Amino acid sequence: MASLILLNYACKQPQEYSHISTTKDWEELESTYKKELIENRDLLDSISETKDIKVMRDLFKVSRQNFKSLEPVLSFHDKQVYASLNAPNILKVEEEDATDIKELNPLSFQSLEENIFGENPDLILAQKTAHHMSNKMEALARNADFSHYQTYHVLWMVRNQILRTTTTGITGYDSPVLQNSLEDAVSAFAKAEYLINLVLTKHPNESLTKEWENAFTANNNYLKKHSFSSFDRYHYIRNHSDPMLKLWAQTVKELTIHFPLEMAVSNEAEALFSNELLNLDHFAGYLVDTLTQEKIELGKNYSMRKGFQVTEQ
C-alpha cells in the first residue's frame with residue numbers, strides 16, 4: 001500500500017501552481033489547501049503504519065515536500081499549529097508549580113526527520129509522531145475556512161514566505177539532518193508564486209505578472225544550482241530576497257492595496273536589513289502609545305542630557 005502511495009505522489013512532483021484560470025473570492029485557495037492537507041495526512045498515516053525503514057524514509061521525503069508546499073498558507077492561517085508541526089527536536093518543560101512539571105517531546109517534522117534519519121533511528125517513536133501529526137492535518141482540513149480572506153491576507157502570505165525562507169529556511173533550521181533546506185525553499189516558493197498569481201488574477205497587471213515570473217524563475221534557479229554547504233546566503237539575500245521584497249511593495253502600490261493594520265513587519269519594508277523592516281509599535285504592547293517623531297526627539301534629548309552617545313540612523 002505504501003508503495004502505491006509513493007508511486008502516486010512521485011508522479012505528481014513537483015507540484016505546479018502557476019497556471020490559474022478563474023477564482024471566486026478564495027475558494028480555489030481553500031480547496032487546494034484542504035486537498036494538500038489530506039494528501040499529507042495520508043502520507044503520515046503510511047509512515048505510522050510501515051516498519052520498513054527505507055519505505056518510511058521515502059514517504060517522509062514526499063510528505064516533507066508536501067508540507068513545505070503547505071507552509072506559506074498554513075503558517076499564516078494557523079500559526080500555532082504550524083509552529084508545532086515545524087518545531088525543533090528539543091525537549092520542552094512546562095512547570096505550573098513544583099508538583100506539576102511536564103516534559104513535552106516535540107511531535108514535528110524536525111523530530112520525525114531525526115527519528116528516521118538519525119544515527120540511531122527510532123521507528124516506534126517515528127510511527128507515534130507521524131500518527132499524531134496526521135491527526136493534526138485531518139483537523140486542519142476539517143476546519144479550514146477562508147471566507148473572510150481579502151487580497152491583503154494573501155499578499156501577507158507571500159511576503160512572509162520570502163522572509164521565512166531567508167531567515168530560517170536557508171539557514172537549515174528546519175532540516176537539521178538532511179539539510180534539504182534549498183529544495184524545501186523551491187517547494188514553498190512554488191506555492192508563493194501560485195498565491196501571487198491568484199492576486200494578479202483578481203487585479204490584472206501584465207507588467208507585474210511578468211516581473212514576478214522573472215523573479216521566481218531567477219530565485220528558484222539559484223536555489224537549485226547550489227548545495228546547502230556551498231550556498232552563498234549573502235548573495236541570495238541581496239540579489240533575490242531583497243528584490244522580491246521590493247517587488248512586493250511595488251505590487252501593493254500599483255494595485256492600491258490598503259491594509260487595515262501593520263503586522264510585525266512594516267507594510268512598506270523593501271529590504272531585510274533596512275531600518276524600516278520592523279514595525280516598532282507592534283512590539284510596544286497595547287498600553288504604549290504609537291511611536292512618534294516627537295517621542296524619538298524627546299528620547300534623544302534626554303539621552304544627551306545624561307551624557308549618552310546618540311547616533312543618527
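Quick test of your reading of the structure: Leu178 fulfils all but one of (1) aliphatic (A, V, I, L, M); (2) in contact with a Leu (Cβ under 9 Å, 6 or more places away or on another chain); (3) surrounded by fewer than 19 Cβ atoms within 10 Å (Cβ to Cβ). Name the failing condition by number.
Result: Leu178 passes all but (2).
Considering only residues of the stretch 103-121 that are charged (D, E, K, R) and modelled with pLDDT of 65 or more, which is nearest to Arg57 (Cα to Cα)?
Glu113
Can you confirm whether Tyr149 is outside any helix (DSSP H, G or I) and of a type outside the set (Val, Ile, Thr)?
Here the answer is yes, as Tyr149 does meet what is asked.
Would you call Val186 β-branched (Val, Ile, Thr), touching a residue at least 12 places away in the same chain (Cβ under 8 Å) and not in a helix (DSSP H, G or I)?
no
Looking at the stretch 155-171, can you tell me whether even one residue there is in contact with a Phe, Trp or Tyr (Cβ under 8 Å, 6 or more places away or on another chain), over 20 Å from Ser75 (Cβ atoms) and open to solvent by 10 Å² or more (accessible area, probe 1.4 Å)?
no
For the stretch 123-150, how many residues are surrounded by fewer than 16 Cβ atoms within 10 Å (Cβ to Cβ) and within 17 Å of Lys61 (Cα to Cα)?
Residues flagged as surrounded by fewer than 16 Cβ atoms within 10 Å (Cβ to Cβ) and within 17 Å of Lys61 (Cα to Cα) within the stretch 123-150 amount to 2.
Within the stretch 196-243, how many residues are closer than 21 Å to Ala271 by Cα and of a type in the set (A, V, I, L, M)?
6
The values are calculated or read from the model by the stated rules, or taken from the named source; none is laboratory data. The structure displayed is predicted, hence computed values, not measured ones. Every residue, glycine as well, gets a Cβ built from its backbone with ideal geometry; the counts of neighbours run over all protein chains shown. Heavy atoms of the whole protein, side chains included, go into the accessibility calculation; ligands, DNA and RNA do not. Shrake-Rupley method; radii C 1.70, N 1.55, O 1.52, S 1.80 Å.
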